[in-house]
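Shown next, in structure tokens, is the structure this report addresses.
The values are calculated or read from the model by the stated rules, or taken from the named source; none is laboratory data. Bear in mind that the values here come from a model prediction, so they are computed numbers and not experimental data. Because the Cβ atoms are built from the backbone with ideal geometry, glycine has one as well, and the counts that use them run over all protein chains shown. Each accessible area value is taken on the protein alone, full model and side chains, heavy atoms only, with ligands, DNA and RNA left out. Shrake-Rupley method; radii C 1.70, N 1.55, O 1.52, S 1.80 Å.
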Amino acid sequence: MAINGNLSILLSFLCVVLTIVVFEKTSIDLRVQDLFYDPVRGWAVDAKAPLPRLVFYEGPKWVLVAFVAWLGLCIAAPAAWAPHLPLSPRQAGLLLTCIVVAPITAWFIKRHTGVLYPCYVQRYGGKEPYRTPLESIPRVPGRKRGRGFPAAHCSGAFALMSLYFVMPEPLRWLGLALGLVAGWVVGLYQMLKGVHYLSHTIVTMFLVWTIILALSRAFGLGSA
């Protein structure tokens, strides 16, 4: 069975749904987020601290921008350059499309779910009551809406999981691992400063993987 076959895509999307259901019916999000917040000292990481912000927020964005520029070069390079480039135009096109589509998808969804960041919730020093994603979606007059679900910032990092489909066979799992590590490093930073819950990052991970599976199949790149 191809890793990006219909069944794999369906199972990945079902993981998105299952994650939402599990966290909707439990208090796991709050229990995990409690570990990162102290009523006196605040969040484990100060959102305004310059070094963590540079390393885990601004830095990854600029690295991704540079990577996108390099992928663009691989796509647009003259045919004579092809033997000297590590990626074919189709491989570079897949990576570039995943890196663009994943954040746009996450951004579009979060505009409509209305989920508040933890830092806005009363439990963590904010003014608003805690609501799960399904409780947040209805538009109620006078109710403050947020844009916290799913996690968009880490979606670009998780998009690097698409390296699985362009790297040589022995290194494919390394490419997947690189995307997972990058996504979770960025996602954990957002959680530590009170911007996302655990479920937001897990849903983003499975959502991005679903997108990658579908796009890799559309580009004709896959693995048995």
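One table, with the values for the structure above:
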{"read-out": "Members of segment 132-188 that are closer than 17 Å to V63 by Cβ and of a type in the set (S, T, Y)", "value": "S155, S162"}
{"read-out": "All positions within segment 1-56 that are under 25 Å from T105 (Cα atoms), polar (S, T, N, Q) and open to solvent by 50 Å² or more (accessible area, probe 1.4 Å)", "value": "N6"}
{"read-out": "Only listed residue being surrounded by fewer than 19 Cβ atoms within 10 Å (Cβ to Cβ), of a type in the set (G, A, S) and touching a residue at least 24 places away in the same chain (Cβ under 8 Å), chosen from G222, G148, G142, G156", "value": "G222"}
{"read-out": "Qualifying positions in segment 86-109 - in contact with a Phe, Trp or Tyr (Cβ under 7 Å, 6 or more places away or on another chain) and either open to solvent by less than 20 Å² (accessible area, probe 1.4 Å) or not in a helix (DSSP H, G or I) (or both)", "value": "G93, L94, A102"}
{"read-out": "Residue match in segment 196-214 (condition: over 22 Å from S88 (Cα atoms), surrounded by fewer than 18 Cβ atoms within 10 Å (Cβ to Cβ) and in contact with a helix residue (DSSP H, G or I) (Cβ under 9 Å, 6 or more places away or on another chain))", "value": "no"}
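The rows are residues; the columns are (1) of a type in the set (A, V, I, L, M, F, W, C); (2) assigned to a helix (DSSP H, G or I).
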position: L178; (1), (2): yes, yes
position: A182; (1), (2): yes, yes
position: L188; (1), (2): yes, yes
position: H196; (1), (2): no, no
position: H200; (1), (2): no, yes
position: T210; (1), (2): no, yes
